Amino acid sequence: MINQRNMKKLLLSILLLAAGAGAFAQPRALDTTPPLRLDTKNMTLLLSAREGQALRYVYLGERLSDKDLAGVRYAGALNAEVYPAYGQRTMQGDAVAVTHGDGNMSLELPVREIRTEETPDATLLRVETKDPLYEFYVTIFFKAWKDVDMIETWTELRSGEKKPVTLRRFDSAALPIRVGDVWASHLYGTWANEGRLVQEPLTRGTLKIENKDGVRNSHTSHAEVMFSLDGKPQENSGTVLGAALCYSGNFHLEVITGDSDYHRFLAGISPDNSTLTLSRGESFRTPELAFTLSTEGLSGASRNFHDWARAHRIAHGDKERKILLNSWEGVYFDINEAGMDQMMGDIAAMGGELFVMDDGWFGDKYPRKNDSSSLGDWVVDRNKLPHGIQWLVDAAGRHGIDFGIWIEPEMANTVSELYEKHPDWIINAPDRSVVQGRGGTQVVLDLGNPAVQDYVFRIVDDLMTQYPGIKYIKWDANMNVSSHGSSYLKADRQSELYIRYHQGFAAVCDRIRAKYPDLTIQACASGGGRANYGVLPWFDEFWVSDNTDALQRIYMQWGTSYFFPSIAMASHISAVPNHTVYRVTPLKYRIDVAMSGRLGMELQPKDMTPEEIAQCKQAIAEYKQIRPTVQFGDLYRLVSPYDNRGIASLMYCAKDKSEAVFYWWRIENFYDSHFPRVKMAGLDPDRMYTAYELDKAPGQRPLSFEGKSFSGAFLMANGLEMPGGFSRDLTGYASRVLRLVAE
Ligand code: GLA
């Protein structure tokens, strides 16, 4: 019989058992209050918010039916703290750590108030917590989108303490991931080799993904990750949790694996050399962590990111992107009026819609002849362009295309009029020699300084008020923070330099977008240094890489597509030998790779043969036909270049499955290679699709299935055989693009 004393003993032992089960299990009674519920299309998040206790996760998984809701917490709940704070349990790995005004380093965050707001698009949950001993508040936010599978979470930290509070760690979120055969897929890279995929199992210890560039944050590592929860990552099967930290600056993502049943995933702004101080009344909002769940593998998680990005996160996510020619690889700094006019005429004749004049058009006292001067002096170089920018805008109009221009507003060269006037506007440790970057003279402006913010805003504002015909800006950023110091920040706030920089950047971008909502803006940063969801609310796209070699682009665009939709991925046809790796690939191959993203060109058309021009013209016309499917369709990655199977293949399917575009690239050239026959995905099994090959090279024999029809079921079970073998015109760099049109 269980008497009261026995009962107490039993309860105590249950509690102790739970406490020993790991860092997430707490000695507490079963939570019987109904949990808070947030739903997306296919995902449910349940939280336990009991007054006086920390906010806890109960469930994160596939969408729950009302029938199952009641039983979930009895089935074994997650029971993990949503925003673990340092101090009362010190070895778990925390999302937030502060030093109070009196030196106390501990924090507790019991729930005080819950508010939910329904909008047509989303449910917003706001949970306010407060330290019982201190006037220190943390509000935890969750925003669940109703039309896509994405939840965003962030926090706001606020101090009411008399003395300043130091924030030592201020992550956006912590998520529990059940231990098992879990693999992380994330991206690493460097200049000319961005977006490379790494896939690794989670093992004991800490996986840390971070970036400390200061300005650009997707070289070295990306702020996004996917977790395959049930074994080795698969593109089209398995459950995947994907997460993206929406921040433009230094970040860290950590997965801590200890002795508990759960990995702890933490994501936030990097606190390295970057503590924050909150004076009384001040608050700090952490960037959003966006997370999604898919039961359709990595490609499924990608589709969730793409849908969310197009609907809610990227500038003009619902607008088709124009086909453009960028002048950089064609002429580099050799800008002149006749040359620009010729390039505009040539891209217009090929069916392009936009011309972008890259670096080299500016500077008066110090004309920009190479990369060693003039950044900061955004006035036209009258020697190169005697009739100024308006003449170019008008010329573009005469050719029937739009005009765009390159700027690098966050930077200066020490050889510039700007630096002569404002040497104190740059980031550099006080009293130390100036650390200079690109061209031996480049420096970063101190965007934390409001005067610099005004100046940067005015660069765009002046251009746009003088030349309202400008439709596109390529916004570059080619240097990292090297020397730590700001003449603007007070001595005791120097550690805030990185964060203030990105707050300043955001403030400038907000002002630009408020005044110029329709402008198209590309984020470039030494190539792909700014592929992140921190900048994309203001930017329409990013330059994937300065490396335009088609073969290496297959790998880079593959990785980048994990998180970013094709409308954001600028992908250009360039000349051979390639300017970065000197590889020679057929024009068809280069077109077929560029056509799988936001198509553009990056070469001197006047150096092309009439046959090459004709081929590009044909490809541009064909791309216009498939553009809605490529830019707004569902991506299915089929064969990964990282799997060493000699080929890579992917496809886009229109949302209504009325058509699809299939890409196939050979990436190896060994005799006796045997390539897999690629099964398609995402089609309607019951519809018949007719296959048409696109971008046929001159003289190329038609494929055996040209114009033939197959059911979606057949294509998904068997695929179509691509021509194998070797011949002079079927080199290692063979490729095919098929348009599949439903009857
Ligand atoms: C960076 C960009 C390039 C080009 C040059 C111009 O390297 O990534 O695309 O704009 O700057 O200097």
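So here's what we get for this one:
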{"read-out": "Residues (in a helix (DSSP H, G or I) and surrounded by 10 or more Cβ atoms within 10 Å (Cβ to Cβ)) located in the range 65-83", "value": "68, 69, 70, 72"}
{"read-out": "Tally of residues being within 28 Å of residue 566 (Cα to Cα) and not in a helix (DSSP H, G or I) across the range 320-345", "value": "9"}
{"read-out": "The listed residue being closer than 27 Å to residue 480 by Cα, in contact (Cβ under 8 Å) with a residue 24 or more places away in the chain and of a type in the set (Val, Ile, Thr), out of 257, 206", "value": "206"}
{"read-out": "Filtered residues of the range 299-319 (kept if outside any helix (DSSP H, G or I) and of a type in the set (Gly, Ala, Ser))", "value": "315, 317"}
{"read-out": "Complete set of residues in the range 346-360 that are assigned to a loop (DSSP other than H, G, I, E, B), more than 11 Å from the ligand (Cβ to nearest atom) and either of a type in the set (Val, Ile, Thr) or on the phi > 0 side of the Ramachandran plot (or both)", "value": "351"}
{"read-out": "Qualifying residues in the range 467-487 (those that are under 21 Å from residue 436 (Cβ atoms) and in contact with a helix residue (DSSP H, G or I) (Cβ under 8 Å, 6 or more places away or on another chain)) - the one nearest to the ligand (Cβ to nearest atom)", "value": "478"}
{"read-out": "Long-range neighbours under 6 Å by Cβ, at least six apart or interchain, first residue over 16 Å from residue 564 (Cα atoms) within the range 187-200, second among the acidic types (Asp, Glu)", "value": "192/546"}
{"read-out": "Checking residue 64 against (1) free of Cβ contacts under 8 Å to residues at least 40 places away in the same chain; (2) more than 33 Å from the chain's Cα centre (by Cα), the condition it does not meet", "value": "(2)"}
{"read-out": "Of all residues in the range 94-103 being more than 27 Å from the chain's Cα centre (by Cα) and surrounded by 15 or more Cβ atoms within 10 Å (Cβ to Cβ), the one that is farthest from residue 206 (Cα to Cα)", "value": "101"}
{"read-out": "Test: residue in the range 361-368 that is within 11 Å of the ligand (Cβ to nearest atom) and under 30 Å from residue 618 (Cβ atoms)", "value": "no"}
{"read-out": "Flag if residue 722 is in the same structural domain as residue 649 (by TED's automatic domain parsing), of a type in the set (A, V, I, L, M, F, W, C) and not in a loop (DSSP other than H, G, I, E, B)", "value": "no"}
{"read-out": "Residues (small (Gly, Ala, Ser), touching a helix residue (DSSP H, G or I) at 6+ places or on another chain (Cβ under 8 Å) and away from the ligand (no atom under 16 Å from the Cβ)) located in the range 404-460", "value": "448, 451"}
{"read-out": "Within the range 456-469, tally of residues that are surrounded by fewer than 19 Cβ atoms within 10 Å (Cβ to Cβ) and without any contact (Cβ under 8 Å) to a residue 60 or more places away in the chain", "value": "6"}
{"read-out": "Index of the failed condition, residue 617 passing every other in (1) surrounded by fewer than 21 Cβ atoms within 10 Å (Cβ to Cβ); (2) within 29 Å of the chain's Cα centre (by Cα)", "value": "(2)"}
{"read-out": "Cβ-Cβ under 6 Å pairs, at least 6 apart or on other chains, the range 150-165 side assigned by TED's automatic domain parsing to the domain that holds residue 276, far side in a loop (DSSP other than H, G, I, E, B) and among the polar types (S, T, N, Q)", "value": "154/286; 155/286; 164/279"}
{"read-out": "Residue among 396, 338 that alone is in contact (Cβ under 8 Å) with a residue 24 or more places away in the chain, more than 12 Å from the ligand (Cβ to nearest atom) and either closer than 30 Å to residue 611 by Cα or under 32 Å from the mean Cα position of the chain (by Cα) (or both)", "value": "396"}
{"read-out": "Hey, residue 235 outside any strand (DSSP E or B), closer than 30 Å to residue 549 by Cβ and either among the β-branched types (Val, Ile, Thr) or touching a residue at least 12 places away in the same chain (Cβ under 8 Å) (or both) or not", "value": "yes"}
{"read-out": "Flag for residue 660 being part of a helix (DSSP H, G or I), touching a residue at least 12 places away in the same chain (Cβ under 8 Å), crowded, with 19+ Cβ neighbours inside 10 Å and small (Gly, Ala, Ser)", "value": "no"}
{"read-out": "Any pair with Cβ under 7 angstrom, 6 or more apart, that starts in the range 263-282 at a residue that is within 19 Å of residue 226 (Cα to Cα) and in the same structural domain as residue 244 (by TED's automatic domain parsing) and ends at one that is of a type in the set (Val, Ile, Thr) and not in a strand (DSSP E or B)", "value": "263/179; 263/182; 268/286; 269/286; 269/499"}
{"read-out": "Of residues in the range 591-614 being surrounded by 22 or more Cβ atoms within 10 Å (Cβ to Cβ) and aliphatic (A, V, I, L, M), the one farthest from the chain's Cα centre (by Cα)", "value": "603"}
{"read-out": "Filtered residue count, the range 538-559, keeping only those that are in contact with a helix residue (DSSP H, G or I) (Cβ under 9 Å, 6 or more places away or on another chain) and within 15 Å of the ligand (Cβ to nearest atom)", "value": "10"}
{"read-out": "Selection count where residues are within 16 Å of the ligand (Cβ to nearest atom), buried (at least 23 other Cβ atoms within 10 Å of the Cβ) and of a type outside the set (Ser, Thr, Tyr), scope the range 304-329", "value": "4"}
{"read-out": "Which numbered condition residue 139 misses (of (1) touching a residue at least 24 places away in the same chain (Cβ under 8 Å); (2) outside any loop (DSSP other than H, G, I, E, B))", "value": "(1)"}
{"read-out": "Residue among 682, 712 that alone is modelled with pLDDT of 95 or more, within 29 Å of residue 317 (Cβ to Cβ) and touching a Cys at 6+ places or on another chain (Cβ under 6 Å)", "value": "682"}
{"read-out": "Set 82, 72, 58: member being touching a residue at least 60 places away in the same chain (Cβ under 8 Å) and assigned by TED's automatic domain parsing to the domain that holds residue 207", "value": "82"}
{"read-out": "In the range 361-380, the residues that are assigned to a loop (DSSP other than H, G, I, E, B) and closer than 30 Å to residue 599 by Cβ", "value": "361, 368, 370, 371, 375, 378"}
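The values are calculated or read from the model by the stated rules, or taken from the named source; none is laboratory data. Because the structure is predicted, anything quoted here is derived from the model rather than measured. Because the Cβ atoms are built from the backbone with ideal geometry, glycine has one as well, and the counts that use them run over all protein chains shown.
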